[in-house]
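First comes the structure, then the notes that go with it.
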Amino acid sequence: MRHAFLILTLTAAVAAESTALAADKELNLYSARHYQTDEALYNNFTQQTGIKINRIEAKEDELLERIKNEGAMSPADVFITVDAARLAKADELGLFAPLQSKVIEERIPAHLRSKDWAAFSTRARVIVFNKATMKAEDVKNYEDLAQPKLKGQVCMRSGAHPYNLSLLASMIAHHGEKKAEEWAKGVVANFARTPKGGDTDQIKAVAAGECGVTISNSYYLARLMRSGKPDDRKVVEAIGIVWPNQATTGVHINISGGGILKTAPNKEAAKKFLDYLASDEAQRYFADGNNEWPAATNVKTDNPALAALGSFKADTLPIIELAKNAALAQKIYDRVGWK
Ligand code: FE
């Protein structure tokens, strides 16, 4: 009697499990991407699959905390964020399930993924200078920003921000800790002001002549280039853009990406969603909507600003290396006073 009951319960559990798989009609997406244009990307997925997306948006680190605190009971299926180091942190905490997707393996280059997460878009960290006060030849490489002749000319956002942590992490990987620290120290000595604001604020400060040069993520530039606002037009007219390190390591690349959570209640839907993000169609949303580059290869895009920015040599350092060096990068910024 007891046995029969047990078997019945197990059968019921298996049946419940398989209906859950078949009926994954919902997806709980924890996203730290804060771009309005992503709306269309998600709606398109729902139209194609009938899977409704419940989106929880918050700051990157808050989302990670939340998933951690929710533990085994977390409703989160997919975690999407920007910056490789943040994805790696989620991975270190053991939050991700292995990706196991043929689609992603085929479409996303190996240096842009790990076994548990993948990049879906890339962005480049480019040099932006004031055309009236500076020449492109003077700021061809990241290393140039540390030259004493640029004293009082450099505007930067905080060193604690992942964009700058990853940039320094790439330098540690390429040149070692000592050279990376020398660079950071040299840049700090050239600061025009104490670090404040985001990338767009730095670009505007360069355009206004408050400083001569800065570093910015490419999509902020493309956004300004596509803007019809007269103030933004003036900013774009005043600045020049350099693809750094074209004769050496290539321009530093970072990513936005995601993975499936180990505790995901809707694993099938989660897998479908990540495969969708790697599709041509979704890749075009990243490019045409948010001015990023597709992580998948050979995707045709239609974005006048990206076309105007042209082609460039990108750093092919495995993105996972950035995550490995992020903590050391923070220590270096602390040591040299890049707040
Ligand atoms: Fe950003």
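If you check I80 against the conditions, is it in the same structural domain as D280 (by TED's automatic domain parsing), farther than 24 Å from Y220 by Cβ and in a strand (DSSP E or B)?
Against the criterion (in the same structural domain as D280 (by TED's automatic domain parsing), farther than 24 Å from Y220 by Cβ and in a strand (DSSP E or B)), I80 does not qualify.
State all residues of region 104-145 that are over 22 Å from the mean Cα position of the chain (by Cα) and of a type in the set (D, E, K, R); if no residue qualifies, say none.
K131, K135, E137, D138, K140, E143, D144
Take I241 and tell me if it is closer than 20 Å to A222 by Cα, at pLDDT 95 or above and part of a strand (DSSP E or B).
For I241, the condition - closer than 20 Å to A222 by Cα, at pLDDT 95 or above and part of a strand (DSSP E or B) - is met.
Among the candidates N217, N190, which residue alone is within 16 Å of the ligand (Cβ to nearest atom) and surrounded by 18 or more Cβ atoms within 10 Å (Cβ to Cβ)?
None of the other options fit; the residue is N217.
From A110, A146, grab the single residue that is among the aliphatic types (A, V, I, L, M), surrounded by 15 or more Cβ atoms within 10 Å (Cβ to Cβ) and away from the ligand (no atom under 16 Å from the Cβ).
Matching residue, one of A110, A146: A146.
Quick check on this structure: which one of Y333, Y285 is in contact with a Leu (Cβ under 8 Å, 6 or more places away or on another chain), farther than 19 Å from E39 by Cβ and not in a loop (DSSP other than H, G, I, E, B)?
Only one candidate passes the filter, namely Y333.
Failed condition for A205, given (1) over 23 Å from the mean Cα position of the chain (by Cα); (2) in contact (Cβ under 8 Å) with a residue 60 or more places away in the chain, with all others met?
Condition (2) is where A205 drops out.
Of all residues in region 93-104, how many are surrounded by 11 or more Cβ atoms within 10 Å (Cβ to Cβ) and either farther than 15 Å from Q283 by Cα or not assigned by TED's automatic domain parsing to the domain that holds K262 (or both)?
8
Among the candidates G228, G198, G258, single out the residue that is within 16 Å of the ligand (Cβ to nearest atom) and farther than 23 Å from M156 by Cα.
G258
All but one of (1) farther than 24 Å from T122 by Cβ; (2) touching a Leu at 6+ places or on another chain (Cβ under 7 Å); (3) not aliphatic (A, V, I, L, M) hold for E65; state the number of the condition that does not hold.
It fails just one condition, (2).
Within region 209-221, does at least one residue satisfy the condition of being of a type outside the set (G, A, S) and free of Cβ contacts under 8 Å to residues at least 24 places away in the same chain?
Yes - at least one qualifying residue is present in region 209-221.
The values are calculated or read from the model by the stated rules, or taken from the named source; none is laboratory data. Keep in mind that what you see is a predicted model, and the values were worked out from it rather than measured. Note that each Cβ is placed from the backbone with ideal geometry, even for glycine, and that neighbours are counted across all protein chains shown.
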